[in-house]
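Asks: This is the structure I want to talk about, given as structure tokens.
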Amino acid sequence: MNGSKALYLNCFTSPINAFIVGASRGIGLAFIKQLLQEPCINQVFAGCRSPSEARTLNDLTVNNPSRLHPIQIDLTDEHSVQKSLNHVKQQLNCQPLSLIINCAGFLHNERAGFFPEKKLAEVSPALLQSSLTLHTLGVLLLAKYSEALLARQTHTVFASLSARVGSISDNRLGGWYSYRVSKAAHNMAIKNIAIEWSRRNKHNVCVALHPGSTATELSAPFQHNIAPHKLFSATQAAGYLLSVINQLRPEDTGKFLAWDGQVIPW
Ligand SMILES: NC(=O)c1ccc[n+]([C@@H]2O[C@H](COP(=O)([O-])OP(=O)(O)OC[C@H]3O[C@@H](n4cnc5c(N)ncnc54)[C@H](OP(=O)(O)O)[C@@H]3O)[C@@H](O)[C@H]2O)c1
């Protein structure tokens with residue numbers, strides 16, 4: 001699929017505002033590029049830790065000054081999440097958000113000495129804590145501070161990128177303890193948020209999404225294990241996921257869905 005010029009979203013009947021977190025690079029940046037081509041998108045907020053260093057995002061902002069707004073956010077820091085959502089609220093000037101996509105995640109971090117564990121003996125408190133803080137606490141904080149901004153009377157989507165390896169029933173290989181555990185906990189967070197929100201807002205759909213193996217910095221050390229035809233570009237992955245998002249109905253809330261729309265068992 002050539003995602004760069006395709007239009008994906010007709011599930012929103014009037015112009016909407018979107019917030020993408022993890023927008024500096026990878027799949028999050030690809031979402032930003034594609035959303036800017038969507039006629040239904042009014043304003044896009046692009047959350048990342050260091051907006052001034054996100055060069056491609058800044059170039060896009062220069063060309064789309066009234067639609068694209070980089071926002072500083074660190075999902076591991078509650079104060080930062082609260083401040084960002086306050087900033088979004090001020091910019092929106094009473095308009096709601098209708099689409100939130102959380103793309104923040106990590107699998108390895110050379111500077112911190114983090115690499116996914118091959119065996120139990122490699123498990124470390126620091127890697128597990130960092131993984132849980134970003135993947136599990138991060139999505140909860142994002143939901144906590146964005147819920148007041150979500151539209152109440154019209155269709156809204158809160159989607160957070162998980163990974164198939166976070167499925168407990170799909171786990172056949174083991175390893176990658178911290179990533180798997182934190183993504184499984186992320187999935188429980190999504191299910192819980194979906195249950196709570198469905199009581200108050202019948203128009204909201206809250207889902208966990210698996211993008212498929214995608215050529216980004218996150219997967220770079222492991223791409224040699226993946227057949228080329230099974231490795232998506234970030235543009236492809238974002239396009240597939242926008243197609244999935246476009247099909248979502250309120251009864252899908254609380255599901256874990258792959259890039260092709262298939263339900264992944266917990
Ligand atoms: N790529 C794959 O094959 C694959 C497969 C399955 C699932 N996924 C999931 O898809 C999501 C996106 O992955 P990707 O491949 O696009 O990774 P990526 O290219 O490495 O991008 C990760 C993004 O997360 C952001 N981030 C990291 N820590 C953050 C924090 N504390 N607060 C806010 N943002 C933070 C990064 O921002 P900075 O620039 O500030 O670091 C970056 O924008 C992740 O959740 C990942 O687990 C990816």
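The values are calculated or read from the model by the stated rules, or taken from the named source; none is laboratory data. From a predicted model like this one, the values you see are computed outputs, not experimental measurements. Positions of Cβ are backbone-derived with ideal geometry, glycine not excepted, and every protein chain shown enters the neighbour counts. The area values use the complete protein model at the heavy-atom level, side chains included, leaving out ligands, DNA and RNA. Shrake-Rupley method; radii C 1.70, N 1.55, O 1.52, S 1.80 Å.
Asks: Measuring from centroid to centroid over Cα atoms, what is the spacing of region 165-242 and region 61-102 in Å?
Replies: Comparing the Cα centres of region 165-242 and region 61-102, I get a distance of 23 Å.
Asks: Which ³J(HN,Hα) values in Hz, rounded to whole numbers, follow from the phi angles of region 58-65 under the Karplus curve 6.51 cos²θ - 1.76 cosθ + 1.60, where θ = phi - 60° and Gly and Pro get x?
Replies: 5, 4, 5, 5, 4, 7, 9, x
Asks: I've got another one for you. So what are the ³J(HN,Hα) numbers for region 115-132, from phi and the Karplus equation (6.51, -1.76, 1.60; θ = phi - 60°), rounded to whole Hz, Gly and Pro as x?
Replies: Working through the residues one at a time gives 9, x, 5, 8, 8, 3, 4, 8, 5, 10, x, 5, 5, 5, 4, 5, 5, 5 Hz.
Asks: Just to confirm the filter: which trypsin sites (Lys or Arg not before Pro) across region 143-230 are DSSP coil and have at most 10 other Cβ within 10 angstrom of their Cβ?
Replies: Arg172
Asks: Here is a further query. Where only protein heavy atoms count, and the probe is 1.4 Å, what is the accessible area per residue for the chain in Å²?
Replies: Using a 1.4 Å probe on heavy atoms only, each residue of the chain averages 48 Å².
Asks: For the chain, which whole-number percentage of the solvent-accessible area (1.4 Å probe, protein heavy atoms only) is attributable to carbon and sulfur atoms?
Replies: Of the solvent-accessible surface of the chain, carbon and sulfur hold 53 percent.
Asks: Going by a ≥ b ≥ c, the root eigenvalues of the Cα gyration tensor, does the chain fall in the rounded group (a/c under 1.5), the prolate group (a/b larger than b/c) or the oblate group?
Replies: Rounded, since a/c falls under 1.5.
Asks: Which one of Ala30, Ala220, Ala163 has the biggest mean-square fluctuation once the chain is modelled by GNM with Cα springs under 10 Å?
Replies: Top of the fluctuation ranking is Ala220.
Asks: Once the Cα atoms of helix 78-92 and of the chain are each reduced to a long axis, what angle between those two axes, in degrees from 0 to 90 to the nearest 10, is obtained?
Replies: Value to nearest ten degrees: 30.
Asks: With both bridge residues required to lie in the chain, what share of the DSSP beta bridges run antiparallel, to the nearest 5%?
Replies: If I count the DSSP bridges inside the chain, around 5 percent turn out antiparallel.
Asks: Now for a different question. Roughly how big is region 141-205's charge dipole about its Cα centre, with Cβ charges of +1 (Lys, Arg) and -1 (Asp, Glu), in debye to the nearest 20?
Replies: That gives a dipole near 80 debye.
Asks: Quick one: Karplus J couplings for region 157-165, per residue in order, coefficients 6.51, -1.76, 1.60, θ = phi - 60°, nearest Hz, x for Gly and Pro?
Replies: After applying 6.51 cos²θ - 1.76 cosθ + 1.60, I find 10, 10, 10, 10, 6, 10, 7, 4, 5 Hz.
Asks: Can you tell me what share of the DSSP beta bridges in region 1-133 is antiparallel? A percent to the nearest 5 is fine.
Replies: 5 percent
Asks: Of Ile226, Ile32, Ile245, which has the largest mean-square fluctuation in a 10 Å C-alpha GNM of the chain?
Replies: Of the options given, Ile226 has the highest mean-square fluctuation.
Asks: Still on this structure, I have one more. Against the longest principal axis of the chain, how steep is helix 26-35, in degrees 0 to 90 to the nearest 10, with axes from Cα atoms?
Replies: Relative to the chain, helix 26-35 is tipped by roughly 20 degrees.
Asks: Something else: With 30 Å as the limit, write out which pairs from Lys83/Lys119; Lys118/Lys144; Lys83/Lys202; Lys191/Lys230; Lys118/Lys230; Lys33/Lys119 have Cα-Cα distances beyond it, or answer none.
Replies: From the list (Lys83/Lys119; Lys118/Lys144; Lys83/Lys202; Lys191/Lys230; Lys118/Lys230; Lys33/Lys119), the Cα-Cα distance tops 30 Å for Lys83/Lys119; Lys118/Lys144; Lys33/Lys119.
Asks: Counting only residues 5 or more places away or on other chains, whose amide H sits under 5 Å from the amide H of Phe115 once H atoms are built in the peptide plane?
Replies: Long-range HN contacts for Phe115: Asn109.
Asks: At a 1.4 Å probe radius, which order do Ser198, Ser80 fall into by accessible area, largest first?
Replies: Largest accessible area first, the list is Ser198, Ser80.
Asks: Work out the length of the dipole vector of the chain about its Cα centre, built from +1 on the beta-carbon of each Lys and Arg and -1 on the beta-carbon of each Asp and Glu, and round it to the nearest 20 debye.
Replies: 300 debye
Asks: Quote to one decimal, in nm, the extra length available between Phe115 and Glu53 on full extension: 0.36 nm per residue of separation minus the C-alpha distance between them.
Replies: Result for the pair: 19.9 nm of gain on full extension.
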